[in-house]
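Take a look at the structure below.
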Amino acid sequence: MKIKSLNLVNFKKFLKTYRSTVKLAWQTNKKYFFFITIVGAIEGLLVYPELLITKNITDNIIRGISTSDYLEPLKTIFFLTAITIIINQIQQLITDFADVYSNTLSGLMKETININLSRKINSLPVSQAENPEVRNTFQKVQEASGNAVWAITTPLSTFPTIFFGLVSSSVLIFSFNFLVMIPAILFALPRINFGIKRTNAWRAIRNKYSPVWRVWGALDDFANKGRYLYENKILNHVDLLLNRRLKLTIQYFKETEKHRLKFSKLQRLYSAPLILFENGTKLYLFYLAMTKIMSLGTAQATNSSITRFINYVSRLIRETSDLYQNFTFINDYENFTNLTNEESSGAIVSSKIDKGLVFKNVWFKYQSATDWNIKNISFYISPTENTAIVGENGAGKTTLIKLICRFYKPQKGQIILDGKDIYDYDLASYRRSISALFQDFAQYPFSAKDNIHFGDVSKKLKMKDIKMAAKHTDMHNFIEKLPQKYNNPLDKEFAHGIEPSKGQWQRIALSRTLYKDSHIIILDEPTSNVDPESEEKIFDSVMKLDKDKMIFLVSHRFSTVRKADKILVIENGQLIEEGDHKKLMKNKSRYFDLFNLQAQSYK
Ligand SMILES: Nc1ncnc2c1ncn2[C@@H]1O[C@H](COP(=O)(O)OP(=O)(O)O)[C@@H](O)[C@H]1O
Ligand SMILES: [Mg+2]
């Protein structure tokens, strides 16, 4: 019954894992992979001469004892010892080399795996990349990669060793009695079952802990990242964070400890038959030597062969079960990297948009939301219109923008650009036609130049363009005054680094957005931290610069909003008012109220 778990499916899984492992190693570095495999094979092959030498040395000792002429056997022993030393030294050297290469190979493999993972998570559709289940898998595979890579590279050398070791040790067993191999294999079988049991238990623990490690990671971040330093000091809650973290770690180790102890005991139990068999044959062989049915050397070498054979069978089982344990990792890894990218081909967006953008009865709801987040929104924006989007927190302004960016797809209705559904365009081309600055934009701890150049890495880097983008947001003079100018890191944790203020960061991010020369420009509260005077200056400059572009601006500042060609007022996912400032003021409705509310506070 128990042997049932050793079915073909597992063998198939094993083969799949081995194949994928070899493929990964091969992709990472062919030369190292080859060397490691060969050395493994040599190690296995050398077992045979070693056994022969052992046999001959013993027989020559016996000969020396039983005859008066001990010189001849002594010479042979001397010669055999010399050969043993040479073989051992060479073997040691190539094994050490293989270890060094294994080390490099596994390090590089880990990097290859992690780069593939990072690339993947960034290529998935947003809805998928944000999905908690996908995130769990991502984290699980990422975390496992560290341990798994070691376990993955080991079989590369051990399987050849085991294979040739089995062949080498079989030779002597065959000349003794090949039937011995059958019980040797049979008695080893319970261990397979044991291995599979252990693997399954590990997998259960890993699955259980992958969401826990994500919490751990967040606690770790808050306690360690420089940007939380101030808040940590004022709130004085680092101990609370660290204690929570420690509690999770302890909980994990307690559980794995229990599991390890249990399996250590089980392992003894499952190994017992094999140990009895091994010692039984040993006694029998010595009986044969004492009754002069075989020489002591042959008995010893045969015993050694059987021990090694059993060891290799056990190793084979252990490594197979380890590799099988990696099956989970390889399987998760391959399933994850095989997830479908969000690429889609289709029409190319023309560099000059001439029919504008239409929202046609668009409805949208986030996966976890209970109510619609965008409700039946329709509007038209001409190709050169500047549009301001206003509304309270959580009204749906950012969501609207995410729909335009094709991060999420409306469940009902259509968004049409230049007469075509935006989903009919080639995705890469569509994204190129949009430049966007999000509320939670990135603050790269690299140079000022990088921070702007990242706006469009497909464009050839010209300092003139970068400076121009910085001038539009009034940041050029600031950057020029830094110790290393445009090469200055914008992070105080790096040498010569400085820490831009929130408002300065926003202006740098805005420069990055403007550096990308797209027809559609989307700015989600880009200047919420910029003083009103600078904001007006920046916007006058942006609007003048981009007269023939389609600009979307989410802002709470009516001094800027009022200048837009069109204003969309969003409330609770609905478009409740639409028009220019003059028209909306005349309406004396929601916009009028909001505007007056802000105007009053300035009086
Ligand atoms: N990924 C998400 N999953 C579920 N709900 C979301 C998600 N993102 C935003 N929401 C919710 O959608 C509503 C609109 O959010 P948003 O568009 O960001 O508002 P804002 O107008 O302030 O930009 C809010 O109630 C917000 O909580
Ligand atoms: Mg928002």
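Just so it is clear, none of the values below were taken in a lab; they were calculated from the coordinates. If you're wondering where the values come from, they're calculated on a predicted model, not measured in any experiment. As a convention, Cβ positions derive from the backbone with ideal geometry for all residues, glycine included, and neighbour counts pool all protein chains shown.
Among 294, 172, 155, which residue has its Cα furthest toward the positive end of the charge dipole of region 24-337, with +1 on Lys/Arg Cβ and -1 on Asp/Glu Cβ?
155
Please work out how much length the chain gains when fully extended from residue 83 to residue 45, using 0.36 nm per residue of separation minus the C-alpha to C-alpha distance, in nm with one decimal.
Working: separation 38, 0.36 × 38 = 13.68 nm, distance 1.55 nm.
Computed gain between residue 83 and residue 45 is 12.1 nm.
Show me, for region 36-41, the HN-Hα J-couplings you get by feeding each phi into the Karplus relation (A = 6.51, B = -1.76, C = 1.60, θ = phi - 60°), rounded to Hz, glycine and proline as x.
Result, ordered by residue: 4, 5, 4, 4, x, 5 Hz.
Could you compute the FRET efficiency for residue 351 and residue 462, with r as their C-beta to C-beta distance and R0 at 30 Å, rounded to 0.05? Walk me through the numbers before you get to the answer.
Details: r = 19 Å, r/R0 = 0.64.
Here the calculated transfer efficiency is 0.95.
Spin-label point model (7 Å from Cα, Cβ direction): what's the residue 237 to residue 344 distance in nm?
Result: 4.1 nm between the two label points.
What do you get when you divide the Cα radius of gyration of region 462-579 by 2.2 N^0.38 Å, with N the number of residues? Before the final figure, lay out the partial values.
Values: Rg = 15.9 Å, N = 118, 2.2 N^0.38 = 13.5 Å.
So region 462-579 has a normalised radius of gyration of 1.18.
What angle, in degrees between 0 and 90 and rounded to the nearest 10, separates the Cα long axis of helix 47-66 from the longest principal axis of the Cα atoms of the chain?
For 47-66 against the chain, the angle is about 30 degrees.
Just to confirm the number: angle between the C-alpha axis of helix 590-602 and the first principal axis of the chain, 0 to 90 degrees, nearest 10?
Once rounded, one gets 90 degrees.
Hey, how many Å between the Cα centroid of region 88-109 and the Cα centroid of region 340-369?
53 Å
Please get the size of the charge dipole for region 24-337, origin at its Cα centre, with Cβ charges of +1 on Lys and Arg and -1 on Asp and Glu, quoted in debye to the nearest 20. Walk me through the intermediate numbers first.
Working: 34 positive and 22 negative charges, 202 e Å.
Using Cβ point charges on Lys, Arg, Asp and Glu, region 24-337 gives about 980 debye.
State the extension gain, in nm to one decimal, for the chain segment bounded by residue 267 and residue 220, taking 0.36 nm per residue of separation less the distance between their alpha-carbons. Numbers along the way, then the final one.
On the way: separation 47, 0.36 × 47 = 16.92 nm, distance 3.64 nm.
Using 0.36 nm per residue and subtracting the Cα-Cα distance, I get 13.3 nm.
Compute the helix-to-body angle for 181-224: its Cα long axis versus the longest principal axis of the chain, expressed 0 to 90° and rounded to tens.
Its long axis makes an angle of about 30 degrees.
Give the calculated FRET efficiency between residue 414 and residue 131 to the nearest 0.05, with a Förster radius of 25 Å applied to their Cβ-Cβ distance. Before the final figure, lay out each step's value.
Details: r = 25 Å, r/R0 = 0.99.
The calculated FRET efficiency here is 0.50.
Under the rule of at least 5 residues apart or a separate chain, name every residue whose amide H is placed under 5 Å from the amide H of residue 294.
Sorted by chain and number, the residues that satisfy this are 289.
If the viscosity is 0.692 mPa s and the temperature 37 °C, what Stokes-Einstein diffusion coefficient in µm²/s follows for region 33-168 when Rh is the Kirkwood radius over Cα pairs? Present the calculation step by step, with values, prior to reporting the outcome.
Details: Rh = 18.7 Å.
Translational D for this selection: 175 µm²/s.
So between residue 11 and residue 547, what do we pick up on full extension, going 0.36 nm a residue minus the alpha carbon distance?
Working: separation 536, 0.36 × 536 = 192.96 nm, distance 6.61 nm.
Value of the extension gain: 186.3 nm.
With only Lys, Arg, Asp and Glu charged, each at its Cβ (+1 for the first two, -1 for the last two), find how big the charge dipole of the chain is about the Cα centre; round to the nearest 20 debye.
Details: 82 positive and 57 negative charges, 205 e Å.
So the dipole magnitude of the chain works out to roughly 980 debye.
Through the Karplus equation 6.51 cos²θ - 1.76 cosθ + 1.60, θ set to phi - 60°, convert the phi angles of region 404-410 into ³J(HN,Hα) values in whole Hz; use x for Gly and Pro.
Those phi angles translate into 5, 6, 6, 7, 10, 10, x Hz.
Could you give the distance between the Cα centres of region 185-213 and region 386-456, to the whole Å?
Each part's Cα centre sits 46 Å from the other's.
Could you please tell me the mean projected area of the C-alpha convex hull for the chain, averaged over all directions and given in square nanometres to one decimal?
On the way: hull surface 154.3 nm².
For the chain, the mean projected area of the Cα convex hull comes to 38.6 nm².
Can you list the residues, at least 5 places off or on another chain, whose amide H is less than 5 Å from the amide H of residue 521, using H built in the peptide plane?
435, 550, 551, 552
For the pair residue 19 and residue 207, what calculated FRET efficiency results from E = 1/(1 + (r/R0)^6), where r is the Cβ-Cβ distance and R0 = 22 Å, to the nearest 0.05? Intermediate values should be presented prior to the final figure.
Details: r = 24 Å, r/R0 = 1.10.
Efficiency, rounded to the nearest 0.05: 0.35.
Within region 119-144, what residues put their amide N at less than 15 Å from the label point 7 Å along the Cα-to-Cβ vector of residue 252?
Backbone N within reach: 136-144.
Arrange 214, 227 by Cβ neighbour counts within 10 Å, fewest through most, would you?
On the way: 214 17, 227 13.
Fewest-to-most ranking of 214, 227: 227, 214.
So if I take the centroid of the Cα atoms in region 148-183 and the same for region 569-589, what is the distance between those two points in Å?
Region 148-183 and region 569-589 have Cα centres separated by 79 Å.
Counting only helical runs of four or more DSSP H residues, what would the 222 nm mean residue ellipticity of the chain come to if each run contributes -39,500 (n - 2.57) and the total is spread over all its residues?
After summing the helix terms and dividing by residue count, I get -22500 deg cm²/dmol.
Packing-wise, with mean Cβ within 10 Å as the measure, how do 427-435, 337-345 rank, highest first? Could you put the intermediate results ahead of the total?
Working: 427-435: 18.0, 337-345: 12.3.
Averaged packing, sorted descending, gives the order 427-435, 337-345.
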